[in-house]
Every structure is written in structure tokens, then in C-alpha cells.
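The structure appears right after this line, and notes come after that.
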Amino acid sequence: MMNQIVKSLKRILRGFVENTPILRDFYYYHWLFPRNSNLFRGVFGSFAKASAAVPARTPSGYDYADLHNTSLKQNLDLEEISKFKQIDYPVLVWLGEIFKERSTVFDFGGNTGSSYYAYRNYISYPPAIQWLICDVPSAVQVGNELLKRFSSPGLSYTTDIADAEGFDIFLTCGTLQYLEPSLSELLSQLQSKPQHLIINHVPFYNGGEYVTLQNLLIVDPVNQTQIASYTPYKIQNRAHFIDSIEKLGYELVDSWQQNRTCYIPFKPERFVDFYHGFYFRLQLLKP
């Protein structure tokens, strides 16, 4: 009986805190953020300033083996690593269309290969497909281990974005927010730009670009406890992003949004109410 009363009081108190703006922000910033993944805090003008705000001895960044090794430790069957995410449906639609004529995919930030394995359950890959995943070294290492376990025609890995040279399709899902250079800057380095750009699950809003900190929880391999890992996380202006891609010669063919938010305590003007996706196609030069 006493336990039920205590739980009820906690729920009432939590409800009061979360519905009182100033208390809610303190609660998110000081209590929830250090203990939960995919929460955010702070507004910074650069990746360097965001990184400088990471507490001493706290891991930072995405290149940690323990973030990716779960693919080896837990996802031991193909069904597990090929689960389809509903947020990827627009990507699936456009890839299916493009595959009728094109067959090379540069998957920027493709992690250990989940998209490659998941999408082929729903669309037909070209017989001569080349699917190159570019990611951090720890993800690439795990991906290469998965190649030994599962049939993966055309799949390979790299850590160098320069290897995108000559590929028809540039695919990136949930990655651009972790990168300091803009996508237009990265594409400008290529002599031959990809014909198609498919971008998915990236936070945009209507204000000025800024960097925040996201808490990625990693698992301590020794005692299996979660460890906070704070990483810089970029929020871009949607209109400026589209303009920067169009200046490279692309046209916006389609766009969509996903119901995910990015809440920054004490900064209501920085609130992100949707994540976005785009399909751009390189325009043909007129004679």
C-alpha cells in the first residue's frame, strides 16, 4: 500500500515539474539528460565549442566500438539486423525507382549495413549492385565481420568519403547532424557528383544553425552498465540547406518529415518539431 502511495506521489510530482516551464528545463538539463540517450542540452556556435563543454573524462563522439559491437554480440541472425524502420519508407520508394536505371549506392553513415540488409527484403536490387558504406572505423570493422556471416552481394565498406567518386546514388540517413562540414561542402570535393541524393532523418528548423550536445549511451563491456557519451549534434536551417544543394546543380524532387522533436532546455526558440528527408536529382545541363 505504501509503495503505491509513493509511486502516486512521484507521478504527481513529475507531472507538476514537467508542466512548469522553468522546473521542466532544470529537470531535463540536470537530471534527465545525463541519464538518458537521445536527449539534448546547450546551444553552441561550433563543434569545437560544443566539444569543450563535454565534462572531463566523459566519452565524446561516435567512433566507439561498443556502440557498434552489439551487431556482433546480439544480432546473430539476419532477421534481427534487417528490421525495416517505418521512417525509411520514402527512401525505399525512391531507391526502387532509381534502381530501374542505376545500380551504385554510396551509403554515407550507413553504420554496419542495416539499411542494405533491410531494404532488399522489399525492393529488388540490380544484379550488378555496388553498395559502399562509409562510416567511422569502428562501424566499418564490425560491418566487415558481418560480411563473413551473411550473403551480401555488392556490399563493401570504407572510411573515406572521397570514395563516393563515380557513384550514381548518394544515400545518407540520420548522419548529417553529426558532421561539422555541410553536405554541400562534402559534395563539392567530388569531381563527378552523384546523379541522385537521398537524405533522411535529419533535424531542421527555421532559425539559425547551431550545435547542441546529444547524449549517446554506450555499454561498458566489462560490467554491462551504460556510460554517457556526449557528442556534438548540428541543427540546420531547412531553407538554407535546400538552397546550398540547389546551387550545386540539383533540383528538389520530393521532401517529407517525420514526427521527432529536438528539445533544448532553456532555449524554446531553438525547438525542432520535425526531422526531414529529401530527394534531389542532378539537373541535366542544357545544350
(message) List pairs: first residue in the range 76-93 and over 20 Å from LEU197 (Cα atoms) and exposed (fewer than 15 other Cβ atoms within 10 Å of the Cβ), second residue at pLDDT 75 or above and among the hydrophobic types (A, V, I, L, M, F, W, C) anywhere in the structure, Cβ distance under 7 angstrom, at least six positions apart or on different chains.
(response) LEU78/PHE150; LYS83/ALA118
(message) Any residue at all in the range 175-185 that's in contact with a strand residue (DSSP E or B) (Cβ under 8 Å, 6 or more places away or on another chain) and over 29 Å from GLN257 (Cα atoms)?
(response) no
(message) Just to verify a result, which residue in the range 259-287, among those that are in contact with a His (Cβ under 9 Å, 6 or more places away or on another chain) and not in a loop (DSSP other than H, G, I, E, B), is farthest from LEU95 (Cα to Cα)?
(response) TYR275
(request) For residues that are closer than 21 Å to VAL93 by Cβ, touching a helix residue (DSSP H, G or I) at 6+ places or on another chain (Cβ under 9 Å) and not aliphatic (A, V, I, L, M), scanning just the range 117-139, find the one that is surrounded by the fewest Cβ atoms within 10 Å (Cβ to Cβ). (result) SER124
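Name the residue that is nearest to ILE235 (Cα to Cα), counting only residues in the range 159-188 that are surrounded by fewer than 17 Cβ atoms within 10 Å (Cβ to Cβ) and of a type in the set (Ser, Thr, Tyr).
Checking each candidate, the answer is SER184.
Conditions tested, residue by residue: (1) over 25 Å from TYR116 (Cβ atoms); (2) surrounded by 15 or more Cβ atoms within 10 Å (Cβ to Cβ); (3) touching a helix residue (DSSP H, G or I) at 6+ places or on another chain (Cβ under 8 Å).
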{"position": "ASN200", "(1), (2), (3)": "no, yes, yes"}
{"position": "PHE204", "(1), (2), (3)": "yes, yes, yes"}
{"position": "LEU213", "(1), (2), (3)": "yes, yes, yes"}
{"position": "LEU216", "(1), (2), (3)": "no, yes, yes"}
{"position": "PRO232", "(1), (2), (3)": "yes, yes, yes"}
{"position": "LYS247", "(1), (2), (3)": "yes, no, yes"}
{"position": "VAL272", "(1), (2), (3)": "yes, yes, no"}
{"position": "HIS276", "(1), (2), (3)": "no, yes, yes"}
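For the range 213-258, name all the residues that are of a type outside the set (Ser, Thr, Tyr), assigned to a loop (DSSP other than H, G, I, E, B), modelled with pLDDT under 95 and on the phi < 0 side of the Ramachandran plot.
Within the range 213-258, ASP220, PRO221, VAL222, ASN223 qualify.
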(message) I want to confirm something. Restricting to the range 173-199 and keeping residues that are within 19 Å of the chain's Cα centre (by Cα) and assigned to a helix (DSSP H, G or I), which single residue is nearest to GLU209 (Cα to Cα)?
(response) GLN177
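The values are calculated or read from the model by the stated rules, or taken from the named source; none is laboratory data. Keep in mind it's a predicted model, so treat the numbers as computed, not measured. Cβ coordinates were reconstructed from backbone atoms using ideal geometry, including for glycine residues, and neighbour counts include every protein chain displayed.
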